[in-house]
Amino acid sequence: MPLFGKPKSRSKESASEVIPQNQIPGVANQGSPPSQSRSQALPHSSNQPRLVFHCQLGHGSPTGVISGFGNVRELYQKIAGCYDIDYTEILFCTLNTHKLDMSHLLGGQLGLDDFIFAHIKGRPKVVDIEKTGEALGLTITDNGAGYAFIKVIKPGSIMAGIEGICVGDHIEKVDDESMVGLRHYEVAKRLKEIPKGVIFRLRVVEPLKSGFSEIGAKSTGQKKSNYGSGKETLRLRPNGQAKVEKADELSSIAIDKINALLESFLGINDTELAQSIWETGIVAENPSEFSTAIENSDLSEFGFTEMFVFDLWGAISDAKQGRLKKIQDFNEKF
């Protein structure tokens, strides 16, 4: 299937198009986002300006221009429309780098000057793995559109010794059971339930790579340049009602800490889930109110233990009191 076909007819309200490299200020080579602001406010029929973002495919492509999306699935559809591919080919997106750098993953927030790189499906791989211990050593996240993938492989773990399994690989099947459409915590639970000593088959799909691309380090210690910097961000919501918000240092520090606890407890990484927990805790006056709020919300489906809820409250309380410091890279802890 060709990556770039003839431009399709699209409405003015939700345009997606590929534009020549020489017409984008600061864009010269693949993997080099423009040095100037990448988001523009264009005239719109409503009272609010239409935000416009630039994108490329991670393995190399012309620059595309997208707008008119409110959640991750709609974002993928806009990107796919630029390159005449199906949006289900997109595994995940990184911000401001074409490398498979898990510290630059697109989460629930998008900086207004972020440049988006979409990583699409490459070759499938099948491996047989013997579960010789209780934990496989994986941290799993998902793209918000039905694909769970590997974010961290713990050094010295079972999975670290399996040749061919890499950070960024989409977990497609466990034995004959499809993982497509499941959330990261559901995939993590399925892997955790495999008994010790059992040999199981894992089918993964790696992101398509260019011949000269380099995979970023598993943990670089870098964060997204605009996250928590005080700049405005576009928060993507499941209901499609995206909202421009002012990022603040307190929230970003608290969310990082909560995400670190999620990695420890569930083996998952989910900035949107961490954000929901923070928003639940910020209005609670004490741990009892926080625990009750968790039980009476959608968060109850995660089955958090009393001890874990107490740990979450500790992080939220510390953040409120200004006792937390910025986490450089919480992935290194697990």
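The values are calculated or read from the model by the stated rules, or taken from the named source; none is laboratory data. Small disclaimer: the values here were computed from a predicted structure and weren't measured. Here Cβ is always computed from backbone atoms with ideal geometry, including for glycine, and neighbour counts include all displayed protein chains. We work out accessible area using only protein heavy atoms, side chains counted, and drop any ligands, DNA or RNA first. Shrake-Rupley method; radii C 1.70, N 1.55, O 1.52, S 1.80 Å.
Checking the table K125/K154; K121/K154; K154/K192; K131/K189; K131/K154; K78/K125 against a 18 Å threshold on Cα-Cα, which pairs fail? Flagged as over cut-off: K125/K154; K121/K154; K78/K125.
Residue by residue, segment 77-88 carries 3J(HN,Hα) couplings of 5, 5, 4, 4, x, 5, 10, 6, 10, 7, 5, 6 Hz when phi is fed to the Karplus relation 6.51 cos²θ - 1.76 cosθ + 1.60 (θ = phi - 60°); x denotes Gly or Pro. Computed over segment 78-209, the convex hull of the alpha-carbon atoms projects to a mean area of 8.1 nm².
Rolling a 1.4 Å probe over the protein chains gives V127 an accessible area of about 20 Å². For H98, no residue 5 or more places off, or on another chain, has a built amide H under 5 Å of its own. Each peptide among 153-159, 72-78, 83-89 gets the average number of other Cβ atoms lying within 10 Å of its residues, and from highest to lowest they stand as 72-78, 83-89, 153-159. Restriction of the GluC sites (Glu not before Pro) in segment 92-164 to DSSP coil positions whose beta-carbon has at most 11 other beta-carbons within 10 angstrom yields E134, E163. Amide H contacts for L110 (H built 1.01 Å from N in the peptide plane; partners 5 or more residues away or on another chain; cut-off under 5 Å): L234, R235, L236. Distances between placed amide hydrogens fall under 5 Å for F92 paired with H119, all partners being 5 or more residues away or on another chain. Per-residue 3J(HN,Hα) values for segment 184-193, derived from phi via the Karplus relation 6.51 cos²θ - 1.76 cosθ + 1.60 with θ = phi - 60°, read 4, 5, 6, 5, 4, 5, 4, 5, 5, 6 Hz in sequence order (x marks Gly and Pro). Computed from backbone phi, the HN-Hα couplings of segment 304-312 come to 4, 6, 4, 5, 5, 4, 5, 5, 4 Hz, rounded to whole numbers (Karplus: 6.51 cos²θ - 1.76 cosθ + 1.60, θ = phi - 60°; Gly and Pro given as x).
For segment 60-137, treating each Cα as an identical point scatterer without solvent, what Debye log10 I(q)/I(0) comes out at q = 0.13 1/Å? Here the Debye-derived log intensity ratios amount to -0.50.
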